[in-house]
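The values are calculated or read from the model by the stated rules, or taken from the named source; none is laboratory data. Everything numeric in this text was worked out from a predicted model, so none of it was measured. Cβ atoms come from the backbone with ideal geometry, glycine included; neighbour counts cover every protein chain shown. For the accessible areas, the whole protein counts, side chains as well, though only heavy atoms, and no ligand, DNA or RNA atoms are used. Shrake-Rupley method; radii C 1.70, N 1.55, O 1.52, S 1.80 Å.
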Amino acid sequence: MGEIMSLYYEKDHVRIYQQDNLELLRTLPGESVNLIYCDILYNTGKVFDDYSDDLGAPEEATEWYRPRIEEMKRVLAPNGSIFIHCNWRMDSYMRILMDRIFGTKCFRNRIYRQHSKERGFYANFDSQVDVVLYYVKNSRDFVFHELRGDSKRIVPLFENGVLEGRSDARNIGGETIDLKALHKHWLVSAAQFQDMKDAGEVQVIGGLPYRFSNVIPVGNLWNEPEMLDAYTRTDVADAYDTPKPEAVLDRIIRVASDPNDLVADFFLGGGTTAVVAKRLGRRFVGCDISAKACEVTVQKLERG
């Protein structure tokens, strides 16, 4: 605590700092950030004009990340979420580190984001996906908004097999549904089931519960066209070689935060998180040790 904060930009509830992210994290109040997204260093061993992506061996990189992830947990709100974007070089190491710091029960999912079509690799299978590790601060209380569309679909609210805590009997319209007796379990909690009932979305068909709603199902494979990188190895990227599509951040911010929440990105890079957070009516704090990253981000913010 006590380090001098290097404020680079402040306007319209957006703050950008140019400094080491660990220094900034140590100055932030505890439980003050609602959502954290970080497209971290992938540890490729490459050295660029404004930063180094060489953290040493994976074990050394993990130790470099450890205090930063610990601080991210400290500043995360009680019902907050964190998304760590990496690739095959560090995803397994980061998963173990995140499990130790947040706890395995707070791990929600490993998201696979397809970044490109097949390219010409030699003597190997082409790597076409990045990994986003999704954790929450509290496994029983976190923000998650379902995405909704215009059309409706019906989906089961049960699955085969008895599961402790999810095989209880529940009532709807005077009818008791005892999934345990049918050797099945609920896919939703009792509170979620009640919300669906209150919204008039639950139907019982053949003695089994289904949901009829306009919720858009989203899996952990994000391979829609808008999720792919908009550049190729032969194109000139926008400031950095790996800018994440705005669709990735749009989905994460809409799902895991509310308007006026504070969103943070401590590996600012090309500034996509800042731009999308501002557009969606969230407050934002971002940080990068690179002056180029801060400059590029501010330019994008000012362009709107």
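Pairs under 8 Å by beta carbon, first residue within 14 Å of K300 (Cα to Cα) in the stretch 6-17, partner in a strand (DSSP E or B) and open to solvent by 90 Å² or more (accessible area, probe 1.4 Å), six or more apart or different chains? Short answer, once both residue conditions are applied: I16/Y8; I16/E10. Among the residues of the stretch 289-304, write down those that are outside any loop (DSSP other than H, G, I, E, B), among the hydrophobic types (A, V, I, L, M, F, W, C) and either within 17 Å of V33 (Cα to Cα) or open to solvent by 30 Å² or more (accessible area, probe 1.4 Å) (or both). The one that is outside any loop (DSSP other than H, G, I, E, B), among the hydrophobic types (A, V, I, L, M, F, W, C) and either within 17 Å of V33 (Cα to Cα) or open to solvent by 30 Å² or more (accessible area, probe 1.4 Å) (or both): A291. Restricting attention to the stretch 164-177, report how many residues are open to solvent by 70 Å² or more (accessible area, probe 1.4 Å) and either touching a residue at least 40 places away in the same chain (Cβ under 8 Å) or more than 21 Å from P217 (Cβ to Cβ) (or both). The number of residues fulfilling the criteria is 6. Within the stretch 151-163, track down each residue that is open to solvent by less than 80 Å² (accessible area, probe 1.4 Å), within 16 Å of G200 (Cα to Cα) and part of a strand (DSSP E or B). I154, V155, P156, listed by residue number. Across the stretch 125-146, what is the number of residues that are touching a strand residue (DSSP E or B) at 6+ places or on another chain (Cβ under 7 Å) and either of a type outside the set (V, I, T) or part of a strand (DSSP E or B) (or both)? The qualifying residues number 14. Among the listed residues V155, V143, V136, V132, identify the single one that is touching a residue at least 40 places away in the same chain (Cβ under 8 Å) and in contact with an Asp or Glu (Cβ under 8 Å, 6 or more places away or on another chain). Residue meeting the stated conditions: V143. The residues listed here are N43, N34; of these, the one that is without any contact (Cβ under 8 Å) to a residue 60 or more places away in the chain, outside any helix (DSSP H, G or I) and surrounded by 13 or more Cβ atoms within 10 Å (Cβ to Cβ) is N43.
For the stretch 179-201, the tally of residues that are open to solvent by 70 Å² or more (accessible area, probe 1.4 Å) and either of a type outside the set (A, V, I, L, M) or in a strand (DSSP E or B) (or both) stands at 6.
What tally of residues in the stretch 162-218 results from selecting those that are aliphatic (A, V, I, L, M), more than 30 Å from G149 (Cβ to Cβ) and touching a strand residue (DSSP E or B) at 6+ places or on another chain (Cβ under 7 Å)? Result for the stretch 162-218: 2.
Matching residues to (1) under 16 Å from the mean Cα position of the chain (by Cα); (2) open to solvent by 40 Å² or more (accessible area, probe 1.4 Å); (3) of a type in the set (D, E, K, R):
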position	(1), (2), (3)
N220	yes, yes, no
E224	no, yes, yes
P245	yes, no, no
N260	no, yes, no
C287	no, no, no
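The residues on offer are E164, E146, and the sole one that is of a type in the set (D, E) and closer than 30 Å to E70 by Cα is E146. For the stretch 202-218, the set of residues classified as surrounded by fewer than 14 Cβ atoms within 10 Å (Cβ to Cβ) and either in a loop (DSSP other than H, G, I, E, B) or among the hydroxyl-bearing types (S, T, Y) (or both) consists of G206, G207, I216, P217, V218, listed by residue number.
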